[in-house]
1. Given Leu201, Leu153, which one is closer than 30 Å to Ala324 by Cβ, touching a strand residue (DSSP E or B) at 6+ places or on another chain (Cβ under 8 Å) and buried (at least 20 other Cβ atoms within 10 Å of the Cβ)?
2. Could you list, in sequence order, all residues of the stretch 130-178 that are over 19 Å from Ile11 (Cβ atoms) and in contact with a Phe, Trp or Tyr (Cβ under 7 Å, 6 or more places away or on another chain)?
3. Please count how many residues of the stretch 171-197 are in contact with a helix residue (DSSP H, G or I) (Cβ under 7 Å, 6 or more places away or on another chain), part of a loop (DSSP other than H, G, I, E, B) and buried (at least 19 other Cβ atoms within 10 Å of the Cβ).
4. How many of the residues making up the stretch 454-463 are surrounded by 14 or more Cβ atoms within 10 Å (Cβ to Cβ) and closer than 14 Å to Leu385 by Cα?
5. Restricting the search to the stretch 445-473, which residues are within 18 Å of Phe421 (Cβ to Cβ) and among the β-branched types (Val, Ile, Thr)?
6. Report yes if Thr31 is over 19 Å from the mean Cα position of the chain (by Cα) and β-branched (Val, Ile, Thr), otherwise no.
7. Residues in the stretch 361-373: is at least one modelled with pLDDT under 90 and either surrounded by 14 or more Cβ atoms within 10 Å (Cβ to Cβ) or outside any loop (DSSP other than H, G, I, E, B) (or both)?
8. May I ask you to say which residue of Ala299, Ala331 is surrounded by 15 or more Cβ atoms within 10 Å (Cβ to Cβ), modelled with pLDDT of 95 or more and out of contact with any helix residue (DSSP H, G or I) (no Cβ under 7 Å at 6 or more places or on another chain)?
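The values are calculated or read from the model by the stated rules, or taken from the named source; none is laboratory data. Worth saying up front: this structure is predicted, and the values here are computed from it rather than measured. We place every Cβ from the backbone using ideal geometry, glycine too, and count neighbours over all the protein chains shown.
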Amino acid sequence: MNKKIHTDICIIGAGPAGSCCALGLAQHGYTVCLIESDTFPRQHIGESLTAGILPLLKQLDVLAPIEAAGFYRPDAAILHWGNVDHSKPLAINSGGFQVDRGVFDTLLLDKAANTGVTVLQPATIEPPVDTGTNWRIEVNHQSQTKNVIAQKLVIATGRKTPVKNPLQRLSPPTLAAYAYWKNSAINGIESRVEALTDGWLWGAPLPNGQFNIALFSDPDSRHFNNYSTIHQHYLQSIAHSQLLNGCLAGEQQGELHICDAAAYVSKKPADNRHFFIGSSALGIDPLSSQGVQLAIKTALLATTALHTQLASPQQSKAAIEFYAQKITDIAHQHQKIAERFYTEHAHKCNSTFWNRRTSAPANKATTRPIKKTTAPAYSPHTTQLKLSSEARLKNQPALVGEQVKSIRALHHPGLERPVAFLQNVELARLLEFVEHRSRTTREIIHEWAPFTGIESAYKILAWLLEFKVVNTVEYKNDTGS
């Protein structure tokens, strides 16, 4: 008879996203079953982690074991890119890690298991079945068939998912070819990035003594006809490199790995039944070295959304909208950053690779630029202020404490996105005072101060005036009393 495992959430995939989501949900008190097909430790690309990952690891209470693992902590990188041509380390990315992903991923998984997560590893699954009330996943584990029955399903398996997941491509097709080297003649623990004519190279030493070198290029390049020509071009690119040719003094370990490295985002990263996280939700250009960091970020966002759904079902729709919007915003924001970096080098190299990555159509502007003007002096006794006719207070999903709630937020053409809180105060509650009638500054500060404090009240009002969210209704020259 098949064993049944009843759980609140089933997560498929135990990379950084899956393990951190499982850990976060277990810390909230939910039962979690985490399924992984590979045996750990296993090697995986994505070894350079920026300092932005530190607060995420701290939030999950897993920073201490990561810091104690003996990973490299480079405080610089070496770049040949655009106008930057440094053969010596350039002080960037201070505080990050250069990790062995086999060890790093195992530490995260062990933390989840020690927090009460049920781990099935190595295991294979049949396609998950949504019954409408729960998910049923048939798992083959330790020569047994186990049936996992879960309220919610989280997919963290990368681009290939067991549940339909249409993707929107955000960048030109990009191919990554990488391999590990030993006995390299390169000294130092810094990562290295070097622009080439038809692509770019990244390389970094790992704590296990290996050196990883990755080549990123167009898949339709004449060098990429088959495995043999790709490998030959990979070796030639390293030989012509000023920063990484020292690896050729050593030897390549194992085969050359080839994978898709184009940026993309899930068209529907969440619904009421399941969530996509990590590289199942989005993929960013590898130039940023933030893939693992964003994978964990999506895990924490999904944890919040799932906690909201299970603890406050009436806010389920808001939780889904919140998560989906965050994923979309993150993906497009990082794509814009990548395009700026490619533009920095494009003027030095007029090739198809660089032109493709700088000529991508820009997203239409969603905000109207604010003209900086000097505000006229006015008297708080007589000058009336009122909410701009262009400002709207509309319901918007927002993070309130540890859950998502639908609350009124400020929408205005001068703002990049809706704003729900300023100075940790719900903004709509303050704007209601000037929404339908004009008030003087003195009246506004007097009304807001009990909720914000006087100093914060003045700061909020100054911000609203700067972005023309509130406008003067009349101006009188007060000469005094």
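1. Of Leu201, Leu153, the one residue that is closer than 30 Å to Ala324 by Cβ, touching a strand residue (DSSP E or B) at 6+ places or on another chain (Cβ under 8 Å) and buried (at least 20 other Cβ atoms within 10 Å of the Cβ) is Leu153.
2. Residues satisfying the conditions are Leu167, Gln168, Arg169, Leu170, Thr174, Leu175, Ala176, Ala177.
3. Selection size over the stretch 171-197: 3.
4. Of the residues in the stretch 454-463, 4 are surrounded by 14 or more Cβ atoms within 10 Å (Cβ to Cβ) and closer than 14 Å to Leu385 by Cα.
5. Thr452, Ile460, Val469, Val470
6. Yes: the conditions hold for Thr31.
7. no
8. Result: Ala331 is the single residue among Ala299, Ala331 that is surrounded by 15 or more Cβ atoms within 10 Å (Cβ to Cβ), modelled with pLDDT of 95 or more and out of contact with any helix residue (DSSP H, G or I) (no Cβ under 7 Å at 6 or more places or on another chain).
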